[in-house]
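The values are calculated or read from the model by the stated rules, or taken from the named source; none is laboratory data. Everything numeric in this text was worked out from a predicted model, so none of it was measured. Note that we place each Cβ from the backbone using ideal geometry, even for glycine, and neighbour counts take in every protein chain shown. Calculation scope for accessible area: heavy atoms of the full protein, side chains included, ligands and nucleic acids excluded. Shrake-Rupley method; radii C 1.70, N 1.55, O 1.52, S 1.80 Å.
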Amino acid sequence: MAFQIIVCAKQVPDTNEIRIDPVKKTLIREGVPSILNHDDANALEEALKIRDKYPDTKVTVVTMGPPQAKDMLIECLAMGADEAVLASDRALGGSDTWATSNALAAAIEKIGAFDLIFAGRQAIDGDTAQVGPQIAEKLGLPQVTYVTDFEISDDRKEITVKRALEDGYELIKLRTPCMLTAIKELNTPRYMSVGGIVDAAARDIPVWGAAELGVDTEKEVGLDASPTKVFRSFTPAPKGKGEMLEGDTEKEQADKLLIGLKTKHVI
């Protein structure tokens, strides 16, 4: 039986183009291009690297989003993924991380048997880093987040990862099936191939609604079922101009800093 890898991905607005409505205090998504979430691209790349080494590996990408998220899945197929699934339904709209993980966990269970789940550490439009770990908890899987290096045994039963911490790294060994979340230091995602783009554009991507997923639209998914409520989004106020301190020695620079802080009555 093929080694089954599922990659959870998300279509996100390009943060370089993001604007905030000054009245509603919400994100303005109209006219903003959507892209494959950066960390999710690293997750997909690592899955494809495993498939490159072990050709009997099957890589399936799953996402939850509006119908246009199909474009992102086509990109994933063009990069080399074998299959793609879109969970899309108006009833799923407004889901927070908890509700989103309910929908994705249901989609993964519907896909069937799997040996490894990859996801990005976090999405650039939310930065919560919660969905991956929540999926693992709901599926009863061991998990490691912030993966920056990855090795898998030839029998694909044992995985060794390096996990990034604020002050160092952890080396962790675990067995499949398991859940891993990737960061950008893990690898460099490959480009889509021309042939891959042509083939992917002709693919029929299945779309599963709430009924197909078997989720409760009142208690498990959607805005009303989400315990997290966003009060408002805003752009941080711009910071003041910085000042470079010059000096021949560190002591001279430190003295100038001290004088400047006293002048501004900071100390």
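Could you please give the count of residues in the range 219-267 that are within 30 Å of Val131 (Cα to Cα) and either open to solvent by less than 90 Å² (accessible area, probe 1.4 Å) or not hydrophobic (A, V, I, L, M, F, W, C) (or both)?
15
For Val62, all conditions in the list (1) in a helix (DSSP H, G or I); (2) in contact (Cβ under 8 Å) with a residue 40 or more places away in the chain; (3) in contact with a helix residue (DSSP H, G or I) (Cβ under 6 Å, 6 or more places away or on another chain) hold save one; what is the number of the exception?
Unmet condition: (1).
Can you find a residue that is surrounded by 17 or more Cβ atoms within 10 Å (Cβ to Cβ), touching a strand residue (DSSP E or B) at 6+ places or on another chain (Cβ under 6 Å) and either under 22 Å from Ala136 (Cβ atoms) or at pLDDT 95 or above (or both) anywhere in the range 16-39?
Yes, some residue in the range 16-39 is surrounded by 17 or more Cβ atoms within 10 Å (Cβ to Cβ), touching a strand residue (DSSP E or B) at 6+ places or on another chain (Cβ under 6 Å) and either under 22 Å from Ala136 (Cβ atoms) or at pLDDT 95 or above (or both).
So which residues in the range 208-218 are under 22 Å from Val62 (Cα atoms) and not hydroxyl-bearing (Ser, Thr, Tyr)?
Within the range 208-218, Trp208, Gly209, Ala210, Ala211, Glu212, Leu213, Gly214, Val215, Asp216 meet the criteria.
Take the conditions free of Cβ contacts under 8 Å to residues at least 40 places away in the same chain and under 25 Å from Leu73 (Cβ atoms) and apply them to Val198. Does it pass?
Judged against the criteria, Val198 is a match.
Among the residues of the range 5-15, count how many are assigned to a strand (DSSP E or B) and either touching a helix residue (DSSP H, G or I) at 6+ places or on another chain (Cβ under 8 Å) or at pLDDT below 70 (or both).
Residues flagged as assigned to a strand (DSSP E or B) and either touching a helix residue (DSSP H, G or I) at 6+ places or on another chain (Cβ under 8 Å) or at pLDDT below 70 (or both) within the range 5-15 amount to 5.
Give Gln143, Gln122 a once-over and let me know the one that is within 29 Å of Phe231 (Cβ to Cβ) and surrounded by 17 or more Cβ atoms within 10 Å (Cβ to Cβ).
Gln122 is the lone residue from the list that is within 29 Å of Phe231 (Cβ to Cβ) and surrounded by 17 or more Cβ atoms within 10 Å (Cβ to Cβ).
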